[in-house]
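Trainee: Below are the structure tokens for one structure; questions will follow.
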Amino acid sequence: MIGMIGIGRLGLPVAVNLMRAGFEVVGFRRSDREAFVHAGGKALESPAEVAEAADVLLLCLPNEQAQSEVFTGNQGILGHLRRGKIVIELGTYRREFKLAQARSIAEQGAEMLEAEVSGSPPMVAERRAALYIGGETELFERCKPVLEAITAHHFHLGDIGSAVAMKLIANSLVAIHTLAAAEAMNLGAQAGFNPHRVAEVIRQGAGSSVMFGIRAPMMAAQSFTPAPGPFNTLDKYLDMGADMASSLGCPTPLFTTATAWFKRALSEGRGEEDIAAVIQLLQADSRQI
């Protein structure tokens, strides 16, 4: 039995992939459980009930506060973990936080893998996302059937903490490549090209990237909601990525430049829009020249 706590924007396609692979999935979310139930999941009334029922428990929560509440709050999971149970943590938190989480789980006799998701919810739904895995090699091998049900692309990188480091590296490139795509799309429009044509032509050549392929059509259409990757979601990765680079003494000229543009978008109240909307900042500044 698989348990899923956090069946929202990212957790729902993870749960659906598991069910399509033949796993029985029980889950908990405070509200909006209809899509999960419609897909074949069984909604339970508390995190504790999910932890009690599941052999493998996946956590997909937005921040450390939410994770802590599910862990140790009223009807939390910690008291329901025991030997033989496995926790797979999908959330992105500080390395120190994850290590403390793993120690608490181990004290209950259970085991934990760190599994960072690299990819948007649509990429997860299409099984094109990647999972970066941190934890014991033997536990990773035992969990392969679950991981392979989520996506064929999963990489064991080392101990707990290694996966979040790789996720921050990947998301620094998401920021850089999205701003680069916006710069190219804006430059094309200023040069007189139809933006849809720019998106079509560039994505077929050497200048393309995954982010260009995903976000250039959105930029061409000026369509930024509903957002597969909103500014609000990216924000914590910008901060965590900057902190990691600083702690390692690494210069990040492109990431630092990109961060300023995404922070500007947030300051303008664009948090719920997709990060592709960064092109509108470039367009606004272009009109001022």
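The values are calculated or read from the model by the stated rules, or taken from the named source; none is laboratory data. Quick caveat: nothing in here was measured; it's all calculated off a predicted structure. Neighbour counts are summed over all protein chains in view; Cβ atoms, including those assigned to glycine, are modelled from backbone coordinates with ideal geometry.
Trainee: Where in region 108-194 are there helices (runs of 4 or more DSSP H), lying fully within it, with 2 or more residues that are among the charged types (D, E, K, R) and closer than 20 Å to VAL56 by Cβ?
Mentor: 137-150
This table checks each residue for (1) among the hydroxyl-bearing types (Ser, Thr, Tyr); (2) buried (at least 17 other Cβ atoms within 10 Å of the Cβ); (3) assigned by TED's automatic domain parsing to the domain that holds LYS236; (4) free of Cβ contacts under 8 Å to residues at least 12 places away in the same chain.
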| residue | (1), (2), (3), (4) |
| --- | --- |
| VAL124 | no, yes, no, no |
| ARG142 | no, no, no, no |
| THR178 | yes, yes, yes, no |
| LEU187 | no, no, yes, yes |
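Trainee: With the structure loaded, tell me whether ASP159 is at pLDDT 95 or above and closer than 30 Å to PHE23 by Cβ or whether it fails that test.
Mentor: It is true that ASP159 is at pLDDT 95 or above and closer than 30 Å to PHE23 by Cβ.
Trainee: Okay, moving on. Has region 46-65 got any residue that is within 21 Å of the chain's Cα centre (by Cα) and free of Cβ contacts under 8 Å to residues at least 24 places away in the same chain?
Mentor: Checking region 46-65: at least one residue is within 21 Å of the chain's Cα centre (by Cα) and free of Cβ contacts under 8 Å to residues at least 24 places away in the same chain.
Trainee: Now, a different point. Restricting attention to region 67-112, and to residues there that are closer than 24 Å to ASP239 by Cα and without any contact (Cβ under 8 Å) to a residue 40 or more places away in the chain, which single residue is surrounded by the fewest Cβ atoms within 10 Å (Cβ to Cβ)?
Mentor: Only one residue fits best here, namely GLU96.
Trainee: Quickly run through region 37-73 and pick out the residues that are outside any helix (DSSP H, G or I), farther than 17 Å from ILE105 by Cα and out of contact with any strand residue (DSSP E or B) (no Cβ under 9 Å at 6 or more places or on another chain).
Mentor: If the condition is that a residue be outside any helix (DSSP H, G or I), farther than 17 Å from ILE105 by Cα and out of contact with any strand residue (DSSP E or B) (no Cβ under 9 Å at 6 or more places or on another chain), then PRO62, ASN63 are the ones that fit.
Trainee: Can you say whether ALA182 is closer than 28 Å to CYS250 by Cβ and within 20 Å of the chain's Cα centre (by Cα), as far as the supplied structure shows? Please lay out each step first, then the result.
Mentor: Working: closer than 28 Å to CYS250 by Cβ: yes; within 20 Å of the chain's Cα centre (by Cα): no.
Here the answer is no, as ALA182 does not meet what is asked.
Trainee: So which pairs qualify, if the first residue must be in region 192-209 and under 18 Å from THR178 (Cβ atoms), the second must be assigned to a loop (DSSP other than H, G, I, E, B) and of a type outside the set (Lys, Arg), the Cβ gap must be under 6 Å, and the two must be at least 6 apart or on different chains?
Mentor: Taking only residues 6 or more apart or on different chains, the pairs are ILE202/SER208.
Trainee: Could you look through region 45-66, keep only residues that are among the hydrophobic types (A, V, I, L, M, F, W, C) and within 19 Å of LYS236 (Cα to Cα), and pick out the one that is surrounded by the fewest Cβ atoms within 10 Å (Cβ to Cβ)?
Mentor: Taking region 45-66 as the starting set, the residues that turn out to be among the hydrophobic types (A, V, I, L, M, F, W, C) are 48, 50-51, 53-54, 56-61, 66.
This time we only want the ones that are within 19 Å of LYS236 (Cα to Cα), so: 59-61, 66.
Working: LEU59: 25, CYS60: 24, LEU61: 23, ALA66: 15.
That would be ALA66.
Trainee: Scan region 232-276 residue by residue and report those that are more than 17 Å from LEU173 (Cα to Cα) and surrounded by 18 or more Cβ atoms within 10 Å (Cβ to Cβ).
Mentor: Hits for region 232-276 are ALA265, ARG270, GLU273.
Trainee: Let me ask something else about it. Might you check whether a residue that is touching a Gly at 6+ places or on another chain (Cβ under 8 Å) and touching a residue at least 60 places away in the same chain (Cβ under 8 Å) occurs anywhere in region 1-9?
Mentor: yes
Trainee: Which of the residues belonging to region 199-231 are surrounded by 18 or more Cβ atoms within 10 Å (Cβ to Cβ) and assigned to a helix (DSSP H, G or I)?
Mentor: ALA199, ILE202, MET211, PHE212, ILE214, ARG215, ALA216, MET218, MET219, ALA220, PHE231, listed by residue number.
Trainee: Just checking, how many residues over region 237-289 are of a type in the set (A, V, I, L, M, F, W, C) and assigned to a loop (DSSP other than H, G, I, E, B)?
Mentor: Qualifying residue count, region 237-289: 2.
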